[in-house]
Amino acid sequence: MLAEEFWDRWLNKRGGPVGGWLSRDVAELFREAEEMMRREFEELYEKAPKELVREKTLPDGSKIREWGPFVCGYSITIGPDGKPQVREFGNVKPGTRLGRPRIDIREEREPLVDVVETDGEIKVVAEVPGVEKEEIKLYGTETTLTISVETLGKKYYKELELPAKVNTKETKTSYNNGVLEITLRKRKDEKFKGELITL
């Protein structure tokens, strides 16, 4: 049964189960919410990169569309200064356009990343599941770190502004069960342009 038919039947039961105007107002709210969700899903479908939309054939021969993965989240940690640090991750970015909510969808997923600073090091922990170690590319300068993966099934990209200058020549890395750990030594000497980091 379609949602429209459901609400029409519900309202026609002698004023609805709650009675009179209240049930009509509630039904109208549900109709408006349903219409808003339909519009948002249409916009999501139109903006989704083609690589995130697939057609699948079911055993009975019928076809359905699969979307995704769509990931949107926030990580909140307390920094060394005692202030909360909020970081976004995923491939869906909420925003606004002319005062109206809008959604930006990218093919590359921004991994969940945590940055921990100690006296002599900066440790970066990133979740990049579903890829091989050799597929991860790291690029570091004295103030930034870029993590990227480009495979047929998975794409990740994150550029981090580091809390202190580092020496990428003294970098330690490990990758296990989808978790990438990068330990960078803080820099004390002359300027450095940047280089690829080997995993």
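None of the figures in this text is laboratory data; all of them are computed from the coordinates on show. Here the structure is a predicted model, which is why all the values come from computation and not from measurement. Cβ coordinates were reconstructed from backbone atoms using ideal geometry, including for glycine residues, and neighbour counts include every protein chain displayed.
Some notes on this structure:
- A simple spin-label model places pseudo-atoms 7 Å from Cα toward Cβ; at Ser62 and Glu117 they are separated by 5.6 nm.
- When each of Lys56, Lys169 is scored by the number of other beta-carbon atoms lying within 10 Å, the sequence from fewest to most is Lys56, Lys169.
- As a proxy for reagent exposure, ranking Ile197, Ile78, Ile147, Ile182 by other Cβ atoms within 10 Å from fewest up yields Ile78, Ile197, Ile147, Ile182.
- Neighbour-count ranking [beta-carbon atoms within 10 angstrom, fewest first] of Asp119, Asp114: Asp119, Asp114
- The length gained by stretching the chain between Arg31 and Arg54 to full extension, at 0.36 nm per residue less their Cα-Cα distance, is 5.3 nm.
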